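Okay, so here's the structure we're looking at.
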Amino acid sequence: MSGRVPEDVFTVVSADGTRIGCVVDGGGPPLLMVHGTGDTHLGWRRVRGLLRPHFKLYLMDRRGRGVSGDNAGYALEREWDDVAAVLDAIGDINLFAHSFGAMCALEGILRARKGHLRRAMIYEPSVNRNISNPVRDQAVDDMARLMAQGDRDAVVELHLRSIINVSDDMIAKQRSISDAWAARLAMAHTMPRELLALRGYDFKPERFSSISVPTLVLVGGKSAAHGQETARRLHDAIAGSDLVALEGQGH
């Protein structure tokens, strides 16, 4: 036996009947955290302990991974419904979201019932990242092909190397964290489907001008130009939002 204490899990049912789970930890005002592509709630391990004394954390697993269920009829809109369902079920909640999860969170805010969100922190939402980038396009197509062949390990490695641009040393370090790597393998099928679907997403920042809660738009000081441009456009669209660059940080 591993001796690991079972996680406390909060679940909701999304609009299409898919069960969405959040690992719950800590105490204080609720904070929903939504991860990006290629990750699970385990991706918050380095900040979880720092936040636990100050917030009741709801570490959401997006559909197809971890403590959440899945549905064969995948569409971006279902991911947006998932975030909205969690926001509505908990209520009076703060939100922090990263990358693909940040895009889902922005859309989820528009679908959630008003008055259930205190404030939002949005870190570099992934929007149209595959358009006009033949190298990235090829990597995503290769991930889909490898997934069809059942090679989950190759899908995860290709995602890290060619989509996130992680070094070989960092990939080796990721492999050494056995539970996190196993979680990545289990949800490898979600990576190509999300990135393929993202090709058709049209980012129109003015759509988010109705967000009226205090909003912090975050960007890494070392992040690529497209991430910084997206953050600036989002900040311009949301009245009263703050834009903060985290120096020394990337995507």
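The values are calculated or read from the model by the stated rules, or taken from the named source; none is laboratory data. The shown structure was predicted, so the numbers you read here are calculated from the model rather than taken from an experiment. A quick note on method: Cβ atoms are made from the backbone with ideal geometry, for glycine too, and the neighbour counts reach across all protein chains shown. Protein only, heavy atoms only, side chains kept; ligands, DNA and RNA dropped before computing areas. Shrake-Rupley method; radii C 1.70, N 1.55, O 1.52, S 1.80 Å.
Which value, in Å², gives the accessible area per residue of the chain when a 1.4 Å probe is used on the protein heavy atoms?
46 Å²
For the range 169-246, what percent of Cα pairs sit more than 20 Å apart?
57 percent
Put +1 on the Cβ of each Lys and Arg and -1 on the Cβ of each Asp and Glu in the chain; which of 230, 167, 177 then has its Cα farthest toward the positive end of the dipole?
Comparing the listed Cα positions along the dipole, 177 ranks first.
Can you tell me which aspartates and glutamates have their Cα less than 14 Å from the Cα of residue 204? Leave out same-chain residues fewer than eight positions away.
107, 229, 236
Along the charge dipole of the range 1-79, Cβ charges K/R +1 and D/E -1, which of 55, 21, 32 sits furthest on the positive end?
The residue sitting most towards the positive pole is 55.
According to a simple spin-label model (label point 7 Å from Cα along Cα-to-Cβ), what is the distance in nm between residue 133 and residue 88?
Computed distance between label sites residue 88 and residue 133 equals 3.3 nm.
Quick check: net charge around residue 239, other residues with Cβ under 15 Å of its Cβ, Lys/Arg +1 and Asp/Glu -1?
My count for the surroundings of residue 239 gives +1.
May I ask you to list the trypsin sites (Lys or Arg not before Pro) in the range 1-64 that are in a DSSP loop and have at most 15 other Cβ atoms within 10 Å of their Cβ?
Of the trypsin sites (Lys or Arg not before Pro), the ones in loops of the range 1-64 whose Cβ has at most 15 other Cβ atoms within 10 Å are 4.
Which value in nm describes the separation of the simple spin-label points at residue 7 and residue 199, placed 7 Å from the Cα toward the beta carbon?
3.2 nm
Return the calculated 222 nm mean residue ellipticity for the chain, to the nearest 500 deg cm²/dmol, obtained by summing -39500 (n - 2.57) across DSSP H runs with n ≥ 4 and dividing by the residue count.
Result for the chain: -11500 deg cm²/dmol, rounded to the nearest 500.
Please give the charge dipole size of the chain, origin at the Cα centre, charges +1 on K and R Cβ atoms and -1 on D and E Cβ atoms. Round to the nearest 20 debye.
Charge dipole of the chain: 360 debye, to the nearest 20.
Looking only at the chain, where both bridge partners belong to it, what percent of the DSSP beta bridges are antiparallel (to the nearest 5)?
So the antiparallel bridges in the chain amount to around 30 percent.
Report the equivalent ellipsoid semi-axes for the range 76-202 in whole Å, largest first, defined as the square roots of five times the eigenvalues of the gyration tensor built from alpha carbon atoms.
Square roots of five times the eigenvalues give 29, 17, 13 Å.
Relative contact order of the chain: what whole-number percent is it, with Cα pairs under 8 angstrom and at least 6 residues apart?
Computed value for the chain: 18 percent relative contact order.
With +1 assigned to the C-beta of every Lys and Arg and -1 to the C-beta of every Asp and Glu, and no other charges, what is the dipole magnitude of the range 76-218 about the Cα centre in debye, to the nearest 20?
320 debye
Within the accessible area of the range 204-251, what % is carbon and sulfur when the probe is 1.4 Å and the other protein chains stay in place?
Carbon and sulfur: 51 percent of the exposed surface of the range 204-251.
Using the basic label-point model (7 angstrom from Cα toward the beta carbon), what is the residue 206 to residue 168 distance in nanometres?
4.9 nm
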